[in-house]
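Data first, discussion second: the structure below is written as structure tokens.
What follows is calculated from the coordinates using simple rules that are stated; it is not laboratory data. Remember, it's a predicted structure, so these values are computed and weren't measured experimentally. Neighbour counts run over all protein chains shown; Cβ positions are idealised from the backbone, glycine included.
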Number of protein chains: 2
Amino acid sequence: MLEPFKHILQTQRIVLASGSPRRKEVLNNIGLNFEVVPSTYEENLDPANYPNPADFVIDTAAHKVEEVFERLNKDPVKPNFIIGADTVVVFENEIYGKPKSEEHAFEMLRKFCGKSQFVYTGIVLKTQRDTVKFFEKSEVEFGELTDEMIKAYVNTGEPMDKAGGYGIQSIGGTLVKSVRGDYFNIVGFPVYHFCKQLVDLLQKNQND
Amino acid sequence: MLEPFKHILQTQRIVLASGSPRRKEVLNNIGLNFEVVPSTYEENLDPANYPNPADFVIDTAAHKVEEVFERLNKDPVKPNFIIGADTVVVFENEIYGKPKSEEHAFEMLRKFCGKSQFVYTGIVLKTQRDTVKFFEKSEVEFGELTDEMIKAYVNTGEPMDKAGGYGIQSIGGTLVKSVRGDYFNIVGFPVYHFCKQLVDLLQKNQND
């Protein structure tokens with residue numbers, strides 16, 4: 001979707017304000033040129049203060065973006081686009097972030113078995129003039145798994161740095177029976193919705 | 001899902017009878033150890049001779065597996081598992097394979113815009129004693145795209161070697177609004193269903 005705008009995008013300083021290697025990979029795969037400047041914002045917002053998970057992930061993403069924006073705006077070449085993202089898993093009205101221990105990962109994954117959870121990613125896309133905020137929601141249905149399978153998966157070490165305790169793009173893909181929505185949102189970055197918004201901003205700038 | 005069986009799988013000769021780099025990558029990502037021996041079977045079956053796309057992809061996959069099975073069974077160490085796969089895209093009751101030209105790719109992708117197509121992959125898993133055949137069906141909803149976007153995507157060269165003319169795991173991911181089912185089936189290999197069947201065969205062998 002971005003190919004017709006390649007000549008403009010190549011002149012822009014685009015910054016991903018996230019240290020997630022999965023988000024970086026997703027954006028690399030679609031051919032975007034960007035730099036990675038992880039935010040130093042301490043993620044300490046309380047989901048209980050938000051009416052729904054969407055508002056929570058958007059607000060966390062916004063704080064990440066603002067911190068990086070303030071920092072990089074002191075550079076000789078200011079950024080044109082700063083991208084922030086935050087992802088959580090919601091299961092039976094409870095928010096699940098990264099597991100705190102291997103036991104915690106096992107518990108989480110065991111609850112998910114044979115059922116659906118929902119992955120929410122909040123995205124904030126900031127330019128020098130505009131700030132666009134949105135979220136994407138995708139459904140993930142886990143298969144029926146034995147305790148032995150879950151334990152062996154936790155032992156791979158894969159769950160520990162991932163919201164919900166699994167990585168769908170790696171070994172965790174074998175646990176997932178079905179998805180519904182944007183797959184890349186489950187990896188941590190909603191590609192389609194993001195490209196749409198980016199194209200809208202580029203067209204708006206062209207018309208100004 | 002396969003981790004509890006790692007010690008058995010490591011002793012097996014597992015062969016992927018497909019030259020598709022996407023299938024190889026999907027199987028690598030889930031940690032399976034296998035070798036790639038592309039089938040030399042000439043894919044010349046006529047979909048019109050089959051009552052539905054599922055039977056067609058399963059039969060094509062079966063022919064690929066049989067050719068490789070015959071060939072490798074002359075080796076000193078016979079294969080334990082041979083995996084065959086075939087993928088097509090079905091849109092409004094018509095089967096779409098790989099595009100024949102860039103114009104063909106453009107036409108296909110333009111038809112898909114704003115609508116859903118269905119990806120069918122047939123899998124045949126053959127051991128020295130058993131042959132398991134199944135298929136997986138996933139839905140892909142394309143976004144609304146301009147002709148300029150489609151043309152620019154075709155110009156990347158990505159569509160030409162892919163059923164349906166797009167690669168969801170790369171730049172083609174920006175064209176897809178939503179999926180439903182096993183995402184990896186759209187890439188060309190239905191991970192969840194395959195792992196289930198492989199585990200069943202391993203357990204059957206253990207109990208014999």
| request: Pop a pseudo-label 7 angstrom from the Cα along the beta-carbon direction at both A:Gln197 and B:Lys6 and give the gap in nm to one decimal. | output: 3.9 nm
| Can you give the angle from 0 to 90° between the axis of helix A:53-72 and the longest principal axis of chain A, with both taken from C-alpha atoms, to the nearest 10? | 40 degrees
| query | Is there a simple number for the mean count of other chain Cβ atoms within 10 Å of the Cβ of residues in B:20-28, and what is it? | reply | 0
| What are the nm distances, shortest first, from A:Gln203 to its equivalents in the other copies, labels at 7 Å along Cα→Cβ? | 5.2
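For chain A, what does -39500 (n - 2.57) per DSSP helix run (n ≥ 4), summed and divided by total residues, give at 222 nm, in deg cm²/dmol to the nearest 500? Present the calculation step by step, with values, prior to reporting the outcome.
Working: 7 runs with 75 residues, N = 208.
Rounded to the nearest 500, the figure is -11000 deg cm²/dmol.
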| For segment B:177-208 and segment A:172-193, what is the separation of their C-alpha centers, rounded to whole Å? | 17 Å
| message | Place a point 7 Å from the Cα of B:Glu148 along the Cα-to-Cβ direction; which residues of segment A:1-29 have their backbone N under 19 Å from it? | response | A:1-12
| task | Enumerate by residue number the GluC sites (Glu not before Pro) in segment B:72-103 meeting two conditions: DSSP loop (anything except H, G, I, E, B), and at most 15 other Cβ atoms within 10 Å of the site's Cβ. | result | B:Glu92
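Normalise the Cα radius of gyration of segment A:81-208 by 2.2 N^0.38 Å (N = residues in it) and let me know the number. Display every interim value, and only then the final one.
Numbers: Rg = 16.8 Å, N = 128, 2.2 N^0.38 = 13.9 Å.
Compared with the compact-globule rule of thumb, segment A:81-208 sits at 1.21.
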| query | Under 19 Å from the Cα of B:Lys204, which aspartates and glutamates turn up, not counting those fewer than eight places away in the same chain? | reply | A:Glu144, A:Glu148, B:Glu3, B:Asp130
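Check each of the trypsin sites (Lys or Arg not before Pro) in segment B:87-123 and keep only those in coil by DSSP with at most 14 other C-beta atoms within 10 angstrom; list them in order.
Numbers: sites: B:Lys100, B:Arg110, B:Lys111, B:Lys115; in loops: B:Lys100, B:Lys115.
Filter output for segment B:87-123: B:Lys100, B:Lys115.
Can you compute the equivalent ellipsoid semi-axes for the protein assembly as shown, i.e. the square root of 5 times each eigenvalue of the Cα gyration tensor, sorted largest first and rounded to whole Å?
Numbers: eigenvalues 292, 156, 58 Å².
Largest first, the protein assembly as shown gives 38, 28, 17 Å.
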| query | Tell me, B:Asp75, A:Asp147 in order of fewest to most beta-carbon neighbours within 10 Å? | reply | B:Asp75, A:Asp147
| query | Which whole-number percent is the relative contact order of segment B:3-207 (Cα, under 8 Å, 6+ apart)? | reply | 20 percent
| message | What distance in nm separates the two pseudo spin-label positions at B:Glu25 and A:Gln128, each 7 Å out from Cα along the beta-carbon direction? | response | 3.6 nm
| query | If you line up the long axis of helix B:102-112 against the longest principal axis of chain B, both from Cα atoms, how many degrees apart are they, to the nearest 10? | reply | 90 degrees
| remark: Other residues with Cβ under 12 Å from the Cβ of B:Phe184 give, with Lys and Arg +1 and Asp and Glu -1, a net charge of 0
| query | Hey, what angle do you get for helix A:191-207 against the long axis of chain A, alpha-carbon based, 0 to 90 degrees rounded to 10? | reply | 10 degrees
| Inter-centroid distance (Cα atoms) of segment B:3-77 relative to segment A:33-55, Å | 43 Å
